[in-house]
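Student: Structure below; questions to follow.
The values are calculated or read from the model by the stated rules, or taken from the named source; none is laboratory data. Keep in mind it's a predicted model, so treat the numbers as computed, not measured. Note that each Cβ is placed from the backbone with ideal geometry, even for glycine, and that neighbours are counted across all protein chains shown.
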Amino acid sequence: MKLFRPSSLRTTVLSLLVMAGMADAAGTPAGTVITNHAAALFGTPTPQDLHQSTSNTVSTVVQAVCSVSVTPDGTVAQPGQRATVLPGERVVFPYAVVNTGNTLGTFPLQGVIDAASTLTPGVRVVLDTNGNGLPDSTEPEVSSVTLAADARANVLLVVDTTRSAGAGNAYVNVTASCADGTATDTNNVSAVQVGPPPALGVTKTFTPALVRPGTETTVTVTARNGGQGTSREVFLTDLLAAQTAQGLTYVAGSARTTAGTLQYTADGTTWTAAEGTAVRGVRVRMPSLAPDATATLTFRMLAGAAAENHVIPNTATAETGGESASGSASADVRYLPGVAIGPVGTPQAPEGTAADAQRVPFAVAGQPVCFDHTLLNTGDVRDNFTVTVTYPQGSATPTLLDAAGKPLALPVSLEPGQSTLVRVCHDAKPGTLDALVTVTGARGTSNTTHDQVGVVESGLPELRKSAAATTVNTEGQTVAVPEGGSVATGDTVTYTLVIRNPYAHALTGAVVRDPVPAHVNAVSATAGGVITGQPGNQTATWTLGTLAPGESRTLTLVTTVSPRAVDGEGLKNVFTLTTTELGTPVPSNETVTPVWSAQLRVVKAVSAKEATYGDRLTYTLTITNQSVTTPIVQASVTDTPARGLAYVPGTSTLDGQPLIDPVISGGTLRWTLPELPAGRAVVVVYQTRVTPEASGDLVNAVIVSGTGAGGIARAVASNRATATIRLSPLLFAPLADIVGLVYVDRNRDGRFDPAIDMPVPRARILLAGGRQALTDPLGRYSFLNVPHGTHALRLDPGTTPYPPLQVTPDGGLSGTRSVQLRGLTSVDFPLAPLGGDIDVLRHTTLLMGDVTLEKTVTRTTDGYVVTLRIITPRSLDGVNLDDPLPAGAILQDGRNTVIGTLGEGEHTFTYRFTWSGAPQAATTDPVMSWRY
């Protein structure tokens, strides 16, 4: 019904009524005919005065009208829809498009961003064909819709924000219009508020990052929102399948989180809140993460044996709203082997520094110099180590020892942090020494240290040991035991040691030790010596401190022979010296003192109390070895007949059996008996003849000495046994003299020619009966007052450089001559030059105090012969005689050097050489030295 207002009013009320046949054109299809008439009421205001008047009927045909409506409506000031999102998120606004016209129409649609917006997101219109309010992938994007009158279409305005745009507001609109651009609907504004964006970051660590096999490491994963906006739901995920495959496995029950809830996966896809037996991933699920907030996930992983020597990477991710961030870290699974060697206590001294080297000022060649080192396993794994020694300077032979002084067993196996002592001993040659000691581990590590010696000297310290013994004789007097003689229980043995430092360096920490022989008792020690232990197991020790260069010390130890001593043994004694520089004890020479307490008893008897010239006398010696334990071997029986008693050859017997004739020297008879049994007696019988030299009482004395079984005890003396015979001389005893000459018969004619032949001095001639003589410098000798008759003379071949010339019936050379003596008799001994004629080139005599050195050089057809003769009145120690050969000469036999000790008396040495040089140059000068 429409109301019309009249142009003027009267006093009466006029009401116009639209009749029922009239209709509104809106929503009415085009072409519809609409009829209409009007009725008017008029009259006074009172009801009873009203009157109605009806108009004529009007007919109207409905024309086509285009009209469209989009809802919901909205303006920038009053948006019809609102949404708050984060950058990069999507908003979907639903709209309804209605054809409000009366005819079928196609209506263009457009997504519009209002100019009031601070952001420009992407917009598009999608036809929501299934009405679920979501832009499905099968639903088309549209720019227009065709609708019948009053028909409706559901469309979606899809708004895509960008991450880069950041925060702000966007006012979006869906506009519609008729196809001709009329009847537009543009008041459909919706508001999109884009909040400040979150910014997730992930950090990951392994603690420790270097993991030993068999140990655990803690994984820490932290997600942080570094943006200004709160995030959507966050998933912090660490997948572990790749790590597990390399031997780094999750430790059950170890996961912890500071926010959200824990979830686990066994396959990397399905996540549960319950931890299974096989964990291949751990994650934290959080509803959101506020700005600057963090969430930390921790768990432990075990490095198995298969993980060794692998660097295992791992990446964790944090996801929210389609955005993700990641953080990576790696676990280095390996051992850290290490080794150090250095001076004791400082194995980790910096390599190549003075602290990593040991130095001693000097050592001695042949005496190992030892350095102690500490070998330390500085790694975190058991390792096997090998020690080697090289010599950048000098030369030596190394020996490796352990802490017990035994050979070091290589390789040395050490646990982490374990150490051991390594002693390196260098047997160095003279000079300087720098030893590089290198230790190498089986896992490839190594370290070095240096052992250094300032100078290595040649030769050892001089230690001279001697022993002297005294005994108390039957008269109660203390007398010296002859050198080499035996001692008995109660005798005193004094040991003397002289020590000399021959070096230009001091010897420090010097200590001398003497393990006292078990069968003597130590009484006293000089120079501060200390005696320790019980008799039978005693040691004398001298702490000498420092021996200055060239310094000598003399030490004395006094002992007595104990009843524990056994006949025949030798009391052996050796001192030793050790110093800081001489780790191996240096021994002195050994002294051996023979022991013999039991006496030899000798009883001597003679067959007659009186005798005259020419008589034979029979002597009986009864010799008893009174030792009940030890036989005597090589016993020497010495009998000294009075002058005028001559031994009768072939008359000696031992216990009734024939005995070899004695050796006769200077009128003394000496038999050697193989053995004197312990506790038994033997009987020696022999005969002598009384010669015209005899006079007065004929006293015959005998002494027996020997060696204890085993060759230790020497000079075991017996008592002195004598037998006396009264001489009744004859009225006449004719005597004669023997003279002669010993010479080299160069022309082999058997006669001495002073112009050609050469006298031989100091040749020894033996006369049967025991007399002997030496030739003078002219080769002459003599025997005076020799009884008439047949006598034998013997030239000692050991005292001549050439053999006798005399030819015996069997064709050989002989030095024995038999003569019939009457008055003055001459007996010469010509010598045969070897190799034909000889020529004396030189005869030299050197006098050094009371020592004489004679040298004779003779030439033969096949070379040269040199005779060296040394004459000394006393024993010489440390003899060093060098008689050099001419240059190019070849020694054929003998020796041209003498080294050692020479006893008192005369010593002859002969050697031969060949040489092609001139004869006058064949002679050289000998050099001889010794010490007293």
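Student: Taking region 775-796, which residues are in a strand (DSSP E or B) and of a type outside the set (Ser, Thr, Tyr)?
Tutor: The answer is 780, 783, 784, 785, 786, 787, 789, 791, 792, 793, 794, 795.
Student: Further question: Show me the strands (runs of 3 or more DSSP E) entirely contained within region 385-498 in which 2 or more residues are at pLDDT 95 or above and outside the structural domain of residue 583 (by TED's automatic domain parsing).
Tutor: By residue number, 396-401, 412-414, 419-428, 431-441, 446-457.
Student: While we're on this one: For residue 899, state whether it is over 24 Å from residue 803 (Cα atoms) and either surrounded by 12 or more Cβ atoms within 10 Å (Cβ to Cβ) or free of Cβ contacts under 8 Å to residues at least 40 places away in the same chain (or both). Please lay out each step first, then the result.
Tutor: Details: over 24 Å from residue 803 (Cα atoms): yes; either surrounded by 12 or more Cβ atoms within 10 Å (Cβ to Cβ) or free of Cβ contacts under 8 Å to residues at least 40 places away in the same chain (or both): yes.
Taking the combined requirement at face value, the residue satisfies it.
Student: Pick from region 754-774 the residues that are in a loop (DSSP other than H, G, I, E, B) and within 15 Å of residue 829 (Cβ to Cβ): which of them is farthest from the chain's Cα centre (by Cα)? Working first, answer last.
Tutor: Let us first name the residues in region 754-774 that are in a loop (DSSP other than H, G, I, E, B), namely 754-757, 760-763, 768-770.
Filter again for within 15 Å of residue 829 (Cβ to Cβ), leaving 757, 760-763.
Details: 757: 74, 760: 69, 761: 68, 762: 66, 763: 67 Å.
Applying the filter and picking the extreme gives 757.
Student: Find the residue count for region 297-316, including only residues that are surrounded by fewer than 19 Cβ atoms within 10 Å (Cβ to Cβ) and over 33 Å from the mean Cα position of the chain (by Cα).
Tutor: 6
Student: Could I ask something else about it? Give the residues of region 894-909 that are of a type in the set (Ser, Thr, Tyr) and within 55 Å of the chain's Cα centre (by Cα), sorted by residue number. First the steps, then the outcome.
Tutor: Here is the first cut: in region 894-909, the residues of a type in the set (Ser, Thr, Tyr) are 897, 901, 908.
Listed by number, the residues that qualify are 897, 901.
Student: Here's something else I'd like to know. I'd like the residue in region 519-534 that is in a loop (DSSP other than H, G, I, E, B) and more than 43 Å from the chain's Cα centre (by Cα) and, out of all such residues, is farthest from residue 576 (Cα to Cα).
Tutor: We begin by selecting, within region 519-534, every residue in a loop (DSSP other than H, G, I, E, B); these are 519, 526-529, 533-534.
Now narrow it down to the ones that are more than 43 Å from the chain's Cα centre (by Cα): 519, 526.
On the way: 519: 19, 526: 16 Å.
Checking each candidate, the answer is 519.
Student: If you don't mind, there's one more thing I want to ask. Among the residues of region 194-231, what is the count of those that are charged (D, E, K, R) and part of a loop (DSSP other than H, G, I, E, B)? Write out each step before concluding.
Tutor: From region 194-231, those charged (D, E, K, R) are 204, 212, 216, 224; that's our starting set.
Restricting the remaining residues to those that are part of a loop (DSSP other than H, G, I, E, B) gives 212.
Total meeting the criteria: 1.
Student: May I ask you to verify whether residue 553 is part of a strand (DSSP E or B), over 38 Å from the mean Cα position of the chain (by Cα) and charged (D, E, K, R)?
Tutor: Working: part of a strand (DSSP E or B): yes; over 38 Å from the mean Cα position of the chain (by Cα): yes; charged (D, E, K, R): yes.
The answer is yes for residue 553.
Student: Let me ask another. Looking at 88, 131, which is the one that is without any contact (Cβ under 8 Å) to a residue 40 or more places away in the chain and at positive phi? Write out each step before concluding.
Tutor: Numbers: 88 fails: without any contact (Cβ under 8 Å) to a residue 40 or more places away in the chain.
Among 88, 131, only 131 is without any contact (Cβ under 8 Å) to a residue 40 or more places away in the chain and at positive phi.
Student: Could I ask something else about it? Considering only residues of region 562-584 that are at pLDDT 90 or above and out of contact with any His (no Cβ under 7 Å at 6 or more places or on another chain), which is surrounded by the fewest Cβ atoms within 10 Å (Cβ to Cβ)?
Tutor: Checking each candidate, the answer is 572.
Student: So is residue 349 within 14 Å of residue 433 (Cβ to Cβ), surrounded by 15 or more Cβ atoms within 10 Å (Cβ to Cβ) and touching a residue at least 12 places away in the same chain (Cβ under 8 Å) or not?
Tutor: Values: within 14 Å of residue 433 (Cβ to Cβ): no; surrounded by 15 or more Cβ atoms within 10 Å (Cβ to Cβ): yes; touching a residue at least 12 places away in the same chain (Cβ under 8 Å): yes.
It is false that residue 349 is within 14 Å of residue 433 (Cβ to Cβ), surrounded by 15 or more Cβ atoms within 10 Å (Cβ to Cβ) and touching a residue at least 12 places away in the same chain (Cβ under 8 Å).
Student: Sticking with this structure for a sec: Go through region 244-289 and report how many residues are under 18 Å from residue 217 (Cα atoms) and among the small types (Gly, Ala, Ser).
Tutor: Counting residues in region 244-289 that are under 18 Å from residue 217 (Cα atoms) and among the small types (Gly, Ala, Ser) gives 7.
Student: A further question follows. Out of region 894-908, which residues are assigned to a strand (DSSP E or B) and either at pLDDT below 85 or out of contact with any Lys or Arg (no Cβ under 8 Å at 6 or more places or on another chain) (or both)? Lay out the reasoning, then the answer.
Tutor: Going through region 894-908, the residues assigned to a strand (DSSP E or B) turn out to be 897-902, 905-908.
897, 898, 899, 900, 901, 902, 905, 906, 908, listed by residue number.
Student: Something else: Filter region 658-685 for residues that are under 17 Å from residue 792 (Cα atoms) and surrounded by 15 or more Cβ atoms within 10 Å (Cβ to Cβ) and give the result.
Tutor: Narrowing region 658-685 to residues under 17 Å from residue 792 (Cα atoms): 661-667.
661, 662, 664, 667, listed by residue number.
Student: Also, I was wondering about something else. Look through 439, 472 and report the one residue that is over 26 Å from residue 406 (Cα atoms) and of a type in the set (Val, Ile, Thr). It would help to see each step written out before you state the result.
Tutor: Numbers: 439 fails: over 26 Å from residue 406 (Cα atoms).
Testing whether each residue is over 26 Å from residue 406 (Cα atoms) and of a type in the set (Val, Ile, Thr) leaves just 472.
Student: Considering each of 513, 553 in turn, give the residue that is in contact (Cβ under 8 Å) with a residue 60 or more places away in the chain and of a type in the set (Lys, Arg).
Tutor: Details: 553 fails: in contact (Cβ under 8 Å) with a residue 60 or more places away in the chain.
When all the criteria are applied, what remains is 513.
Student: Can you find even one residue in region 463-477 that is of a type in the set (A, V, I, L, M), out of contact with any helix residue (DSSP H, G or I) (no Cβ under 8 Å at 6 or more places or on another chain) and closer than 30 Å to residue 397 by Cβ?
Tutor: Filtering region 463-477 for residues of a type in the set (A, V, I, L, M) gives 463, 467-469, 472.
Applying the additional criterion that residues be out of contact with any helix residue (DSSP H, G or I) (no Cβ under 8 Å at 6 or more places or on another chain) yields 463, 467-469, 472.
Right, trim to closer than 30 Å to residue 397 by Cβ and you get 463.
Taking every residue of region 463-477 in turn, at least one turns out to be of a type in the set (A, V, I, L, M), out of contact with any helix residue (DSSP H, G or I) (no Cβ under 8 Å at 6 or more places or on another chain) and closer than 30 Å to residue 397 by Cβ.
Student: In addition: Scan region 352-361 for residues that are in contact (Cβ under 8 Å) with a residue 40 or more places away in the chain and under 18 Å from residue 423 (Cα atoms) and jot them down. Spell out how you get there, then give the answer.
Tutor: Restricting attention to region 352-361, the residues satisfying the condition of being in contact (Cβ under 8 Å) with a residue 40 or more places away in the chain are 356-361.
Selection gives 356, 357, 358, 359, 360.
Student: Can you find a residue that is at pLDDT below 85 and within 30 Å of residue 736 (Cβ to Cβ) anywhere in region 917-927?
Tutor: Within region 917-927 (the criterion being at pLDDT below 85 and within 30 Å of residue 736 (Cβ to Cβ)), the answer is no, since none of the residues qualifies.
Student: Sort out which residues of region 632-657 are within 60 Å of the chain's Cα centre (by Cα) and surrounded by fewer than 21 Cβ atoms within 10 Å (Cβ to Cβ), and write them in order of number. I'd like the intermediate steps shown before the answer.
Tutor: Filtering region 632-657 down to residues within 60 Å of the chain's Cα centre (by Cα) leaves 632-635.
Matches in region 632-657: 633, 634.
Student: I'm trying to understand the selection: among the residues of region 228-265, which are in contact with a Pro (Cβ under 9 Å, 6 or more places away or on another chain) and among the basic types (Lys, Arg)?
Tutor: 232, the sole residue that qualifies.
Student: Just to verify a result, which residue in region 732-764, among those that are surrounded by 14 or more Cβ atoms within 10 Å (Cβ to Cβ) and aromatic (Phe, Trp, Tyr), is nearest to residue 804 (Cα to Cα)?
Tutor: The residue in question is 743.
Student: Answer yes or no as to whether residue 185 is more than 14 Å from residue 124 (Cβ to Cβ), of a type in the set (Asp, Glu) and out of contact with any strand residue (DSSP E or B) (no Cβ under 9 Å at 6 or more places or on another chain).
Tutor: Values: more than 14 Å from residue 124 (Cβ to Cβ): yes; of a type in the set (Asp, Glu): yes; out of contact with any strand residue (DSSP E or B) (no Cβ under 9 Å at 6 or more places or on another chain): no.
When the stated conditions are applied, residue 185 does not pass them.
Student: Then there's this: Quick one: which residue in 118, 162, 103, 84 is modelled with pLDDT under 95, in a strand (DSSP E or B) and surrounded by fewer than 19 Cβ atoms within 10 Å (Cβ to Cβ)?
Tutor: Numbers: 118 fails: in a strand (DSSP E or B); 162 fails: in a strand (DSSP E or B); 103 fails: in a strand (DSSP E or B).
When all the criteria are applied, what remains is 84.
Student: Check 149, 223, 199 and return the single one that is of a type outside the set (Val, Ile, Thr) and at pLDDT 95 or above. Full working, then the answer.
Tutor: Working: 149 fails: at pLDDT 95 or above; 199 fails: at pLDDT 95 or above.
The match here is 223.
Student: Tell me which residues, restricted to region 486-512, are out of contact with any strand residue (DSSP E or B) (no Cβ under 7 Å at 6 or more places or on another chain) and surrounded by 14 or more Cβ atoms within 10 Å (Cβ to Cβ).
Tutor: If the condition is that a residue be out of contact with any strand residue (DSSP E or B) (no Cβ under 7 Å at 6 or more places or on another chain) and surrounded by 14 or more Cβ atoms within 10 Å (Cβ to Cβ), then 509 is the only one that fits.
Student: Check whether at least one residue in region 772-783 is outside the structural domain of residue 743 (by TED's automatic domain parsing), under 28 Å from residue 663 (Cβ atoms) and at pLDDT 85 or above, and report yes or no. Let's see the steps before the verdict.
Tutor: From region 772-783, those outside the structural domain of residue 743 (by TED's automatic domain parsing) are none; that's our starting set.
Among the residues of region 772-783, not one is outside the structural domain of residue 743 (by TED's automatic domain parsing), under 28 Å from residue 663 (Cβ atoms) and at pLDDT 85 or above, which makes the answer no.
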